[in-house]
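Taking it in order: structure first as structure tokens, then the write-up.
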Amino acid sequence: LASRSFKEENTVIKIKDVEIGGNKIAMMAGPCSVENEDQIFKLAETVAKSGAKILRGGAFKPRTSPYSFQGLGVEGLKMMRAAADKYNLLVITEVMQISHIELIEPYTDIFQVGARNMQNFPLLKELGNVKKPVMLKRGIAATIEEWLMSAEYILSGGNPDVMLCERGIRTFETYTRNTFDLSAIPIVHKKSHLPVIADPSHATGLRDQVPPMARAAVAAGADGLMIEIHDDPERALSDGPQALLPDTFINLMKELDAIAKVI
Ligand code: PEP
Ligand code: MN
């Protein structure tokens, strides 16, 4: 169902007035984690000011260490929904387990499946039954074939609104947090009709590498970008080193506009 041979024309996912996979590039930006009301409202304002339409933020976080901040849970979802509504933004947030789908559903417009859950097949099957789009991140060590097969689980469950997200893969290189697989973008476009989003934040883990890789992703044909921002990255509760400051993000949006129309 994910393949170009099954469906030739590109899938365009429509959510309110936003299209993903159409002529414009959809920017999803916000903090790694929702931390408090003040933070998420400030960053939602930045996202709206930049011209972007989708606010990202984690409330249930898949942290490598059980001792790291795990997210604010439902309280975080409530704060993010209120901030998004104030600035007329859509919300994307991660769902880690089946029992949270119903809990998260009222607060989000797009479900994100994180890299660590790309092959959580029971979760993928369950997301085949939801009425909202799903963004499936590529697993940390997943091949493109495996990634597309995971998308197949959601599609075959009856949910046609699946987008894929390249977020870097693990290689022998350690300078960057992951290795951004830029060619995955045109390869997936060749093999599949599904929209492809690029996440240069998790792909590089380095603030200064995010703008060049964002530009590269757009030039390579990405249908959208996911970028982490923070107003005080030094004090961020997760992924501070890769977060762009609000001003840097707004400048990046202007730069990207020279390559393609980004909203
Ligand atoms: C995230 O988007 O904050 C995240 C945890 O991403 P990934 O699943 O790609 O590591
Ligand atoms: Mn993150």
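So here's what we get for this one:
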{"read-out": "Options Gly128, Gly158: the member that is at positive phi and surrounded by fewer than 22 Cβ atoms within 10 Å (Cβ to Cβ)", "value": "Gly158"}
{"read-out": "Looking only at the stretch 34-54, and only at residues there that are under 13 Å from Lys78 (Cα atoms) and under 17 Å from the mean Cα position of the chain (by Cα), the one that is nearest to ligand 2 (Cβ to nearest atom)", "value": "Val34"}
{"read-out": "Of all residues making up the stretch 133-151, the number that are surrounded by fewer than 16 Cβ atoms within 10 Å (Cβ to Cβ) and either β-branched (Val, Ile, Thr) or in contact (Cβ under 8 Å) with a residue 60 or more places away in the chain (or both)", "value": "2"}
{"read-out": "Residue within the stretch 177-186 that is farther than 18 Å from Met135 by Cβ, within 14 Å of ligand 1 (Cβ to nearest atom) and touching a strand residue (DSSP E or B) at 6+ places or on another chain (Cβ under 7 Å) present", "value": "yes"}
{"read-out": "Some residue of the stretch 223-239 being touching a residue at least 12 places away in the same chain (Cβ under 8 Å) and assigned to a helix (DSSP H, G or I)", "value": "yes"}
{"read-out": "Output for the stretch 214-253, where each listed residue is closer than 25 Å to Thr64 by Cα, more than 10 Å from ligand 2 (Cβ to nearest atom) and touching a Ser or Thr at 6+ places or on another chain (Cβ under 6 Å)", "value": "Ile227, Leu237"}
{"read-out": "Residue among Lys132, Lys86, Lys78, Lys42 that is under 17 Å from Leu164 (Cα atoms) and away from ligand 1 (no atom under 16 Å from the Cβ)", "value": "Lys132"}
{"read-out": "Qualifying residues in the stretch 214-227 (those that are of a type in the set (A, V, I, L, M) and more than 20 Å from Met135 (Cα to Cα)) - the one surrounded by the fewest Cβ atoms within 10 Å (Cβ to Cβ)", "value": "Ala219"}
{"read-out": "Residue count, the stretch 173-187 (criterion: part of a loop (DSSP other than H, G, I, E, B), within 18 Å of Leu136 (Cβ to Cβ) and of a type outside the set (S, T, N, Q))", "value": "2"}
{"read-out": "Top-ranked residue in the stretch 69-114 [being closer than 15 Å to Pro31 by Cβ and among the acidic types (Asp, Glu); ranked as farthest from ligand 2 (Cβ to nearest atom)]", "value": "Glu75"}
{"read-out": "Residue check for Leu194: at pLDDT 95 or above, in a loop (DSSP other than H, G, I, E, B) and buried (at least 23 other Cβ atoms within 10 Å of the Cβ)", "value": "yes"}
{"read-out": "Members of the stretch 83-100 found to be in contact (Cβ under 8 Å) with a residue 24 or more places away in the chain and of a type outside the set (Val, Ile, Thr), listed by number", "value": "Ala83, Ala84, Lys86, Tyr87, Asn88, Leu89, Leu90, Glu94, Met96, Gln97, His100"}
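The values are calculated or read from the model by the stated rules, or taken from the named source; none is laboratory data. Keep in mind that this is a model prediction, so the values were computed, not measured. With ideal geometry, Cβ positions are generated from the backbone for all residues, glycine too; neighbour counts draw on all protein chains shown.
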